[in-house]
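K.L.:
Take this structure first; my questions come after.
The values are calculated or read from the model by the stated rules, or taken from the named source; none is laboratory data. From a predicted model like this one, the values you see are computed outputs, not experimental measurements. As a convention, Cβ positions derive from the backbone with ideal geometry for all residues, glycine included, and neighbour counts pool all protein chains shown.
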Amino acid sequence: MNPLACSLNDEIQRHNPAVLRMLSALGKELFFPKGILSQSAEAKTKAHRFNATIGIATEGKAPMYLPCMHEKLAAYDPADIYPYAPPAGKPELRSLWRQKMLRENPSLRDKVFSEPVVTNALTHGLSIVADLFVDAGDVLLLPDKLWGNYNLTFGTRRGCQIRTYATFNASGGFNVEAFRESLGQVAEERGKAIVLLNFPNNPSGYTPTVAEGRALVEALVAQAEAGCALVVVADDAYFGLFYEESLKESLFGQLANRHPNLLAIKLDGATKEEFAWGFRTGFITLADGSSNGSPALLEALNKKVMGSIRGTISNCPHPSQTFVIEALQSANFTAQKQQKYEILKQRALRTKEVLDSGKYDASWDYYPFNSGYFMCLKLKSVDAEQLRLHLLDHYGVGTIAINSTDLRIAFSCIAVEDIAELFNLIHQAVCDLS
């Protein structure tokens, strides 16, 4: 094992041995090399005469670039666009995102958590978590309403066993009892679990109530106290898009610093929160489980995160980080974001109004939704894949078949005045097939 990896492992062991046990074999091996990047960083501060370190081309003390490319980016300093960004992301962006997290999650204000590290959006963050904490045979616990890419990221790539529990109970709330029971089974069998909490949920569009969220946290803390090593990941891709009564904060705040056997990880980003999908700018933030937190342990974990980044994509795109910085610093940011939120909220509420009209009761029920981009129909008489294809071929309507009964609808991309027509067409297609 590389001496740098050994040193990071020793640091983690010194501050919280439980976290070292959570790491996968690969996670233990990972480190951030003291190579070209660290030498270039030193040169950046001290090489006042010539800096012949990092592999970019310069012209007149500025990065070299093509004018035909820069003409559309002329508002930006070439230094903020063309050079490599630091492996952990631009420090200014990391600081701004941390400040944003604190504003939007009051429960974090007295907690110790890491400086966010920039990722190539959420999927990259999930991949980093899988590399650091998942060995073949480990168990990932998910609700049965889940984003299919988790299977590829954790199952196919890392050999993880994926176990699910019923997302909803008979009364239409989050099934905390099913979660508690499934978590207990995994804890008893394995002594370790990776738990992924995705709220607002994709595909159902549901965020738990405050009481349900508190119960989820209590179940996790109880298993940590019983000795289970828990890596709990808050996939907050759609954070902030809460339209009705529900949690308005990430559960990361309630999970941070709760128990040494519980490591909390927050994955979020500008992707959906700031309507910048193609920028691929996300963040991974960690919170130590001990009551006082351990900045040294968090720094060691961040070095392993950076090692994963360095060993795969090297670093994340520079231009998109600059664009997000500009947006976060804009005087218009809050008002413009609120305007877009209101549009999505109107679409969600109109969707619920149309579905509650009673016109479609013979064709489907729908799963609870109160947030995010999506909702799911539970079809009563036709197969979801058959319906999806029929809608495409005969009505020009695109939907997503989740399984044989569930059809996902992205109300996020349907104008409010078109929502009734959309569901009328889906209903007509069901009637065609029935």
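K.L.:
Can you report the number of residues in the stretch 296-343 which are within 29 Å of GLY205 (Cβ to Cβ), aliphatic (A, V, I, L, M) and in contact with a helix residue (DSSP H, G or I) (Cβ under 6 Å, 6 or more places away or on another chain)?
P.N.:
3
K.L.:
Now a separate question. Considering only the stretch 353-401, how many residues are in a loop (DSSP other than H, G, I, E, B) and either aliphatic (A, V, I, L, M) or under 33 Å from the mean Cα position of the chain (by Cα) (or both)?
P.N.:
The total comes to 15.
K.L.:
Which residues, taken from the stretch 97-138, are touching a residue at least 40 places away in the same chain (Cβ under 8 Å), more than 21 Å from LEU301 (Cα to Cα) and surrounded by fewer than 21 Cβ atoms within 10 Å (Cβ to Cβ)?
P.N.:
Correct list: LYS100, GLU104, PRO106, SER107.
K.L.:
Take the conditions within 21 Å of the chain's Cα centre (by Cα) and either outside any loop (DSSP other than H, G, I, E, B) or in the same structural domain as LEU301 (by TED's automatic domain parsing) (or both) and apply them to SER40. Does it pass? Even if it seems obvious, please write down each step before you answer.
P.N.:
Details: within 21 Å of the chain's Cα centre (by Cα): no; either outside any loop (DSSP other than H, G, I, E, B) or in the same structural domain as LEU301 (by TED's automatic domain parsing) (or both): yes.
It is false that SER40 is within 21 Å of the chain's Cα centre (by Cα) and either outside any loop (DSSP other than H, G, I, E, B) or in the same structural domain as LEU301 (by TED's automatic domain parsing) (or both).
K.L.:
State whether one or more residues within the stretch 212-227 are part of a loop (DSSP other than H, G, I, E, B) and touching a Gly at 6+ places or on another chain (Cβ under 6 Å). Walk me through it before giving the result.
P.N.:
The first filter runs over the stretch 212-227 and keeps only residues part of a loop (DSSP other than H, G, I, E, B), leaving 226-227.
Add one more test, that the residue is touching a Gly at 6+ places or on another chain (Cβ under 6 Å), and what stays is none.
No, the stretch 212-227 contains no residue that is part of a loop (DSSP other than H, G, I, E, B) and touching a Gly at 6+ places or on another chain (Cβ under 6 Å).
K.L.:
Something else: Does the stretch 379-397 include one or more residues that are within 28 Å of LEU247 (Cβ to Cβ) and modelled with pLDDT of 95 or more? So that I can check it myself, show each step before the final result.
P.N.:
Within the stretch 379-397, the first condition is being within 28 Å of LEU247 (Cβ to Cβ), and the residues that meet it are none.
No, the stretch 379-397 has no match at all.
K.L.:
Could we say that ARG350 is touching a residue at least 60 places away in the same chain (Cβ under 8 Å), surrounded by 14 or more Cβ atoms within 10 Å (Cβ to Cβ) and more than 21 Å from the chain's Cα centre (by Cα) here?
P.N.:
On the way: touching a residue at least 60 places away in the same chain (Cβ under 8 Å): yes; surrounded by 14 or more Cβ atoms within 10 Å (Cβ to Cβ): yes; more than 21 Å from the chain's Cα centre (by Cα): yes.
Spelling it out, ARG350 is indeed touching a residue at least 60 places away in the same chain (Cβ under 8 Å), surrounded by 14 or more Cβ atoms within 10 Å (Cβ to Cβ) and more than 21 Å from the chain's Cα centre (by Cα).
K.L.:
Quick check on my filter: what residues within the stretch 51-98 are out of contact with any Leu (no Cβ under 7 Å at 6 or more places or on another chain), in a loop (DSSP other than H, G, I, E, B) and closer than 23 Å to HIS124 by Cα?
P.N.:
Step one: of the stretch 51-98, the residues out of contact with any Leu (no Cβ under 7 Å at 6 or more places or on another chain) are 51-80, 82-86, 88-95, 97-98.
In the following step, the residues that additionally are in a loop (DSSP other than H, G, I, E, B) were identified as 51-57, 60-61, 64-66, 74-77, 82-86, 88-90.
Selection gives TYR82, PRO83, TYR84, ALA85, PRO86, ALA88, GLY89, LYS90.
K.L.:
Which members of the stretch 147-182 meet the condition of being over 20 Å from ASP131 (Cβ atoms), assigned to a loop (DSSP other than H, G, I, E, B) and among the hydrophobic types (A, V, I, L, M, F, W, C)?
P.N.:
Residues satisfying the conditions are ALA166, ALA170.
K.L.:
Mind counting the residues in the stretch 262-276 that are more than 13 Å from the chain's Cα centre (by Cα) and surrounded by fewer than 24 Cβ atoms within 10 Å (Cβ to Cβ)?
P.N.:
3
K.L.:
Does ALA211 meet the test of being farther than 22 Å from VAL112 by Cβ, surrounded by fewer than 19 Cβ atoms within 10 Å (Cβ to Cβ), in contact with a strand residue (DSSP E or B) (Cβ under 9 Å, 6 or more places away or on another chain) and modelled with pLDDT of 95 or more?
P.N.:
Details: farther than 22 Å from VAL112 by Cβ: yes; surrounded by fewer than 19 Cβ atoms within 10 Å (Cβ to Cβ): yes; in contact with a strand residue (DSSP E or B) (Cβ under 9 Å, 6 or more places away or on another chain): no; modelled with pLDDT of 95 or more: yes.
For ALA211, the condition - farther than 22 Å from VAL112 by Cβ, surrounded by fewer than 19 Cβ atoms within 10 Å (Cβ to Cβ), in contact with a strand residue (DSSP E or B) (Cβ under 9 Å, 6 or more places away or on another chain) and modelled with pLDDT of 95 or more - is not met.
K.L.:
Considering only residues that are surrounded by fewer than 19 Cβ atoms within 10 Å (Cβ to Cβ) and in contact (Cβ under 8 Å) with a residue 60 or more places away in the chain, which ones fall in the stretch 25-36? Lay out the reasoning, then the answer.
P.N.:
At the first step, the residues of the stretch 25-36 found to be surrounded by fewer than 19 Cβ atoms within 10 Å (Cβ to Cβ) are 25-26, 28-29, 33-36.
The answer is ALA25, LEU26, PRO33.
K.L.:
Go through the stretch 181-197 and give me each residue that's buried (at least 18 other Cβ atoms within 10 Å of the Cβ) and closer than 15 Å to LEU262 by Cβ.
P.N.:
Let us first name the residues in the stretch 181-197 that are buried (at least 18 other Cβ atoms within 10 Å of the Cβ), namely 182-183, 186-187, 192-197.
Of everything in the stretch 181-197, those that are buried (at least 18 other Cβ atoms within 10 Å of the Cβ) and closer than 15 Å to LEU262 by Cβ turn out to be LEU183, VAL186, ALA187, LYS192, ALA193, ILE194, VAL195, LEU196, LEU197.
K.L.:
Counting just the residues of the stretch 224-234 that are in contact with a Lys or Arg (Cβ under 9 Å, 6 or more places away or on another chain) and over 12 Å from LEU255 (Cα atoms), which one comes out surrounded by the most Cβ atoms within 10 Å (Cβ to Cβ)? Full working, then the answer.
P.N.:
Going through the stretch 224-234, the residues in contact with a Lys or Arg (Cβ under 9 Å, 6 or more places away or on another chain) turn out to be 224, 228-231, 233-234.
Within this subset, residues satisfying the condition of being over 12 Å from LEU255 (Cα atoms) are 228-229.
Details: CYS228: 22, ALA229: 24.
Only one residue fits best here, namely ALA229.
K.L.:
If I ask for residues that are of a type in the set (D, E, K, R) and surrounded by fewer than 19 Cβ atoms within 10 Å (Cβ to Cβ), which ones from the stretch 281-302 would you list?
P.N.:
First pass over the stretch 281-302, keeping only residues of a type in the set (D, E, K, R): 288, 299.
Within the stretch 281-302, just GLU299 meets the criteria.
K.L.:
Right, next: For GLU342, are the conditions met, namely being of a type in the set (Asp, Glu) and either in the same structural domain as GLY240 (by TED's automatic domain parsing) or within 25 Å of THR271 (Cβ to Cβ) (or both)?
P.N.:
On the way: of a type in the set (Asp, Glu): yes; either in the same structural domain as GLY240 (by TED's automatic domain parsing) or within 25 Å of THR271 (Cβ to Cβ) (or both): yes.
Yes: the conditions hold for GLU342.
K.L.:
Only one of ASP288, ASP268 is touching a helix residue (DSSP H, G or I) at 6+ places or on another chain (Cβ under 6 Å) and of a type in the set (Asp, Glu). Can you tell me which?
P.N.:
Details: ASP268 fails: touching a helix residue (DSSP H, G or I) at 6+ places or on another chain (Cβ under 6 Å).
From the options ASP288, ASP268, the qualifying one is ASP288.
K.L.:
Let me ask something additional. Just to be sure before I move on: is GLY155 among the small types (Gly, Ala, Ser) and touching a residue at least 60 places away in the same chain (Cβ under 8 Å) in the structure I sent?
P.N.:
Working: among the small types (Gly, Ala, Ser): yes; touching a residue at least 60 places away in the same chain (Cβ under 8 Å): no.
Judged against the criteria, GLY155 is not a match.
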